[in-house]
Structures are given as structure tokens and as C-alpha cells.
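Working notes for the structure below.
A short reminder: the numbers here are calculations on the coordinates, not readings from a lab. Just so we're clear, the structure is a prediction, and the values are computed from it rather than from any experiment. Backbone-built Cβ (ideal geometry, glycine too); neighbour counts: all protein chains shown.
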Amino acid sequence: MTDLTKLSDSELEALKEKAEKALKERQSSKRKEVIAQIKELAASIGVTVDIQEGEKKAERKTGKVAARYCSPNDASLTWSGRGLAPKWMQELLAAGRNKAEFEIK
């Protein structure tokens, strides 16, 4: 085994890339083996299986949420009401103001 502390930054980076490539190849090979086994088992009971190969990640389609609150001092400062309140809203609430005052109508 190589003593990693003696390697330069570029040598470590090259080793990392080589290891990642080897891991991906191994995972791909195992995936192909499993797919072949599945197809073989399916064929043994008279069923055909169509397995989509490739790395497809489910895309999460999210739209932008409309602003619900607006700063009274600067109209360009808005907040959708989701997540952590922006500092301008936190300051106004700390001063005793009500969030409903700043709703966009």
C-alpha cells in the first residue's frame, strides 16, 4: 500500500481520479451482471423484462413561489413567506410590527 502522506497534491488528485474511475467500472460491471440475472430469471418463467439502463435521476420540477410580503422601506425586498424570514422582516417583527402589515395585496 502506498504511503499517502508522501504523495504530492497532484499525485493524490491523480490517485483519487483513478480510484473513482475504477469504482465506477466495478459498479457498472456489477449492474450488468445483476441485469443479466434478472433477465435470465424472468425468461425462466416466461416473462420479458425491459430494464432502462443509464443514470437517470428524477427531476424535481419546482416553480418559483410568488412573493407574499414586501418591505415598507424598499419595494425590491420581498419574501415568499417560506423558510427563514429575511433580516428586514425579522427586524420589523422584533420592533413589534405584525407580519400581516407587509402582505402584498
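Loop only per DSSP, at most 16 neighbouring Cβ atoms within 10 Å: give me the chymotrypsin sites (Phe, Trp or Tyr not before Pro) in the chain, ordered by residue number. Please report the intermediate quantities before stating the final value.
Values: sites: Tyr69, Trp79, Trp88, Phe102; in loops: none.
The qualifying sites: there are none.
Beyond 27 Å in Cα-Cα separation lie the following of the pairs Lys30/Lys57; Lys32/Lys61; Lys18/Lys57; Lys21/Lys61; Lys64/Lys99; Lys61/Lys99: Lys32/Lys61; Lys21/Lys61; Lys61/Lys99.
Give the Kirkwood hydrodynamic radius (Å, one decimal) of the chain, defined as one over the mean of 1/r across all pairs of different Cα atoms. Walk me through the intermediate numbers first.
On the way: mean 1/r = 0.0487 Å⁻¹.
One decimal place: 20.5 Å for the Kirkwood radius.
Each residue of the stretch 88-93 was assigned a 3J(HN,Hα) from its phi angle through the Karplus expression (A = 6.51, B = -1.76, C = 1.60, θ = phi - 60°), giving 4, 6, 4, 5, 5, 5 Hz with x at Gly and Pro. Residues in the stretch 94-105 carry Karplus couplings, in order, of 5, 7, x, 7, 9, 4, 4, 5, 9, 5, 7, 10 Hz; the curve used is 6.51 cos²θ - 1.76 cosθ + 1.60 with θ = phi - 60°, and Gly or Pro positions show x. When shorter helices are ignored and each DSSP H run of at least 4 residues is given -39500 (n - 2.57), the per-residue value for the chain at 222 nm works out to -14500 deg cm²/dmol.
List the longest stretch of the chain that has no exposed loop site; here a site is one of the GluC sites (Glu not before Pro) assigned by DSSP to anything other than H, G, I, E or B, with at most 16 other Cβ within 10 Å.
The segment 1-52 is the longest one with no such site.
Between Val47 and Ser71, the contour length at 0.36 nm per residue exceeds the alpha carbon distance by 2.4 nm. Placing R0 at 41 angstrom, the Cβ-Cβ distance between Lys18 and Arg82 gives a FRET efficiency of 0.40 after rounding to 0.05. Both the radius of gyration and Dmax for the stretch 43-105 are 23.8, 73 Å, in that order, over alpha-carbon atoms. Between the listed residues Ile51, Thr62, Gly81, the Cα displaced farthest toward the positive end of the dipole of the chain, a dipole computed from Cβ unit charges relative to the Cα centre, is found at Gly81.
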